[in-house]
Amino acid sequence: MTQKKFDFDEIIDRRGTASEKWDRYRDRDIIPLWVADMDFRSPPAIIEALHERVNHGVFGYTSAPEGLVQAVVDALEAEFHWQIRKEWITWLPGLVTGLNVSSRAVGEPGDDIITFTPVYPPFMSAPPLSGHNVIKVPLACQAGRWGLDLAALEAALTPKTRQLLLCSPHNPVGRVWTREELVQLDRFAARHDLVICSDEIHAGLVLEPGLRHIPIATLSPETSRRTITLMAPSKTYNVPGLGCSFAVISDDTLRRAFRKAMGRIVPHVNLLGYTAAEAAYRHGEQWRQELLEYLRGNRDLVEQEVTGMGLTVARVEATYLSWIDVRSTGIEDPVRFFEDAGVGLSGGSDFGLTGYVRLNFGCRRELLREALRRMRVALKGLPGR
Ligand SMILES: Cc1ncc(COP(=O)(O)O)c(C=O)c1O
């Protein structure tokens, strides 16, 4: 590997920046490891591009720059061997918007949409918000590893099911779905003529050596025709506050339906979001590689420490989010318990499964170490431990 250029251990004070993550515990000694953004500064290439754009000083209505569109096409080809056409892209201010638009675009109100739980909350709220029913199919956990339960999936299907919302890689269980798993889902979708909406926001964050993210749309031209893929540079390059995402839809009819559902309700992408996205896809690779190495270290630390606390944690194959089973502690309100210990986590119930917490390790290692120490001390204080 070339010499390291980026310092992920740098202390950057985010207090006083209206950060959602840090403001939740303003003036309290609680280390925030909840909402999914990282405490790291974005790649210098992004910051420079933003400076340059800001210096221009005119911020009118802006379309996606031609250079960005090409950068996305090139990045998908380079990273996933996915050849897309420029016109397949639809720009969006966020992926949650994409999940909601997708829910509106397919089928009729009263239809059913399937998703796998535990899952990022908008997968469960988008269908009802657009008048559909959500069918939650629990993922199965065997020996600490989460996977698809195909029998449960078949059993959950109804004659009114029109769409499958897939989280790939999966937040919060950290799985990178294998080709075999994706093929099984694809066959299921083909058998029942379902549209697949695949949220691939974490695709650039595969930590496990030897694993690769496979966009489900790349399985075959037929799969591509039934798939809405949602992507963004936001998680990977830590620019979620800049709101620039996109959908890739190869089928003209499906794409038209998606755009129609956007109506005049979905706003333009912020022009600085476009600027950041182009710089990320063109110049962010070395930063991303160093980030992944750093995150791998954090992941291993969490795994080692949390296991040492007598808890079970799923191996994080992708994302910077650990999904921790705290059922054995008997703690009734784990979020409250760990907040009282000085650590702010996300509660499993938000993702549709109680007895778990999600820990965001996208922060500098010393802070993570301190948070884990606090957790260990608090757990030791429990009766019988
Ligand atoms: C799977 C998934 N989709 C979407 C989002 C949020 O996307 P956006 O901020 O672009 O709406 C997140 C954020 O954590 C996520 O984990």
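Divide, for region 110-227, the radius of gyration over alpha carbons by 2.2 N^0.38 Å, where N is the residue count.
Details: Rg = 13.6 Å, N = 118, 2.2 N^0.38 = 13.5 Å.
This ratio for region 110-227 stands at 1.01.
For the chain, compute Rh as the Kirkwood radius over C-alpha pairs and then the Stokes-Einstein diffusion coefficient at 4 °C and 1.567 mPa s; write the answer in µm²/s, rounded to an integer.
Numbers: Rh = 21.6 Å.
Taking Rh from Cα pairs, D becomes 60 µm²/s.
Once you sort the root eigenvalues of the Cα gyration tensor of region 221-286 as a ≥ b ≥ c, which label holds: rounded (a/c under 1.5), prolate (a/b larger than b/c) or oblate (the other case)? Verdict is oblate for region 221-286.
Probing with 1.4 Å while keeping every protein chain in the model, the per residue accessible area of the chain equals 45 Å².
Global size of region 161-210: 11.8, 36 Å for Rg and Dmax (C-alpha atoms, Rg to one decimal, Dmax whole). S349 contributes an accessible area of around 80 Å² to the protein surface, as traced by a 1.4 Å probe with all chains present. When the Cα convex hull of region 311-385 is projected onto planes of every orientation, the mean area is 4.9 nm². So which residue, out of R288, R365, R53, gets the largest mean-square fluctuation from a GNM of the chain using Cα contacts under 10 Å as springs? Largest GNM mean-square fluctuation: R53. The heavy atoms of K136 present about 110 square angstrom of accessible area, all protein chains included, probe 1.4 Å. Counting protein heavy atoms only, the chain has 50 percent of its accessible area on carbon and sulfur, 1.4 angstrom probe. In order along region 25-37, the phi-based Karplus estimate (6.51 cos²θ - 1.76 cosθ + 1.60, θ = phi - 60°) of 3J(HN,Hα) comes to 10, 3, 6, 10, 7, 10, 7, x, 10, 10, 3, 7, 10 Hz; Gly and Pro are listed as x.
Computed over all pairs of different Cα atoms, the Kirkwood value for the hydrodynamic radius of region 275-360 is 14.5 Å.
Find the percent of Cα-Cα distances in region 181-279 that exceed 20 Å, and round it to a whole number. Of the Cα pairs, 48 percent sit more than 20 Å apart. When you restrict to C-alpha pairs under 8 Å that are six or more residues apart and normalise by the size of the chain, the relative contact order lands at 24 percent. Only protein heavy atoms count here; on that basis, with a 1.4 Å probe, D23 has an accessible area of about 40 Å². Rg/Rh, computed from the Cα trace of region 11-124 with Rh as the Kirkwood radius, has the value 1.03.
With a ≥ b ≥ c the root eigenvalues of the C-alpha gyration tensor of region 226-385, is it rounded (a/c under 1.5), prolate (a/b larger than b/c) or oblate? Taking the square roots of the gyration eigenvalues as a ≥ b ≥ c, region 226-385 is prolate. Taking the centroid of alpha carbons for each part, region 343-379 and region 147-206 are 27 Å apart.
The values are calculated or read from the model by the stated rules, or taken from the named source; none is laboratory data. Since the model is a prediction, treat every value here as computed from it, not as a measurement. Note: accessible area is taken over every heavy atom of the protein model, side chains too, but ligands, DNA and RNA are not part of it. Shrake-Rupley method; radii C 1.70, N 1.55, O 1.52, S 1.80 Å.
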